[in-house]
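The values are calculated or read from the model by the stated rules, or taken from the named source; none is laboratory data. Keep in mind it's a predicted model, so treat the numbers as computed, not measured. Virtual Cβ from ideal backbone geometry, glycine too; neighbours counted across all protein chains shown. Ligands, DNA and RNA are excluded from the accessible area calculation, which covers all protein heavy atoms including side chains. Shrake-Rupley method; radii C 1.70, N 1.55, O 1.52, S 1.80 Å.
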Amino acid sequence: MCLNRKCSTRSLCRFCTTIPSQKPKMPDIDAVSIFAEGTFEEQIRELVNYLAQGRSDEEKATFIQPFENDLTISEGQPPLEEDEERRRAVLEKVVAEVKGLGQGSEREIEGFFNLLFAHFLTLFPLDSTSTREHLNSILQAISSSEPSPVKYRLLTNLFNALPRTSNLRLPVNQALIQLASAQDELDQLQFSLPEVTKWLSEWEISDEEKSLYLKSLVDTYATSEPEVSYQYQLSYVRSLPAASSQSDALDLVASALRLPSVFDFDALFRLDAVIAAKDSELYSLLQIFLNDGLTEYKTWEGSHAGVFDQYNLDQAQLERKIRLLSLTTLAHQNIGGDLLYSAIAEVLQVDPNEVERWVIDVLRTGLIIGKLSQTNKTFHVIRASARAFEKAQWEALEKRLVAWKTGLSSVREVVAATKKKNTPPPAAAAAVPVPAADPAVVTQGAEAVAAA
């Protein structure tokens, strides 16, 4: 029977041992509530009986008997409720027998493990080396079993049951990542960079462990979701000491150049590890993508042919990106103005007939917002991103703000003057005669007051 006496289920019921969830998620809670009833002895017998499933009657009796002996109170011994050391020893024997998910249904599996987790967190000190060993044993049992959706729920429930700052959340989270990666189900993780950053700020782990964890995320997403991998790669390189991370920094630069959707190179120059690699050939290419145009890129290309193979860079892709960035710079210099097709063609070094194709391409990236005029052969710039935001960009922004403020003041003056001109002067208030009171009415009112 389920340990909850109000439940009619004839086995462990996950609805009585955990808050049910529809999907494995990482909510902002410190623990999963446990509603299991019964004494410690009853709950251990429930766990042991589950582990004994699938054995013959004789094997089952042999398996259960040692646990029964441990649960028996000899004369002179205190009750198990008062003997934490004995309870811990009994639970250690139970954990040692967990070799997989067992032979129950998904409901029974989840109920078994949630009850096991409840005792694990109650009896084992979370900062103990032996606790980490027992946890690894449980994680291995779950991970090495046959593929099943319930495995995500088990690991997520355990993650959420652990205190928010516990360093044990790291191996549980890593087990989830390995499980999803092995089964090509990364969408099950539902991780985000802000969430991961928050976890790393909470977990009581070393800086080295934080870096290794971020590197595992970089590698996990590298093939299936390279853009996601790149975001974790930025955080990974940021977490490394600048003096010992040149190789990782250059890998990050190569990823940024390689990915067709990455155009923000200014962020890389804010990383100490990247600045420390300033003597590398790749760093000089990165500077071109931050500040320069197609002419400078082609000059660099002609004298660094070996770099492309070394870092697996696609020359055609790089040429496309530098053209789009060059067009972005031209647009940023002419915000609010109209660019002639001929001026755009000159910067891109293409035929004027190809200008519209390139403008449409850059519009799709979001680097520029504007409108094409095929009639006038112009492109009106509404907004354009700055490739870098340094002193020159701040000065340009200040000038635009001053011009905007001046223009707004002029508009307010015009509106106030127009309003004053169109408002008629207030008319003199006409005297309204007050009629004299009727004497008869006054007399009747006085008589009524007197009667009252």
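Computed quantities for the displayed model
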| quantity | calculated |
| --- | --- |
| Angstrom value of the Kirkwood radius, inverse mean 1/r, which spans all Cα pairs in the stretch 59-211 | 17.2 |
| Qualifying trypsin sites (Lys or Arg not before Pro) for the stretch 283-385 [loop in DSSP, other Cβ within 10 Å: at most 16] | LYS377 |
| Approximate shape of the stretch 122-196 as ellipsoid semi-axes (Cα gyration tensor, √5λ), whole Å, largest first | 21, 16, 10 |
| Cα radius of gyration and Dmax for the stretch 37-105 (Å) | 12.7, 41 |
| The stretch 80-143 - percent of accessible surface contributed by carbon and sulfur, probe 1.4 Å | 44 |
| Principal axis dimensions, the stretch 159-249 - Cα atoms, whole angstrom, descending | 38, 30, 20 |
| Mean separation of Cα contacts under 8 Å (6+ apart) over length of the stretch 176-233, as relative contact order % | 26 |
| Of LYS198/LYS278; LYS278/LYS321; LYS371/LYS421; LYS60/LYS151; LYS198/LYS405, those spanning more than 28 Å from alpha-carbon to alpha-carbon | LYS198/LYS278; LYS371/LYS421; LYS198/LYS405 |
| Packing rank of 151-157, 274-280, where each peptide gets the mean count of other beta carbons within 10 Å, highest leading | 151-157, 274-280 |
| Gyration tensor over alpha-carbon atoms, the stretch 220-327, equivalent ellipsoid semi-axes in Å | 21, 16, 13 |
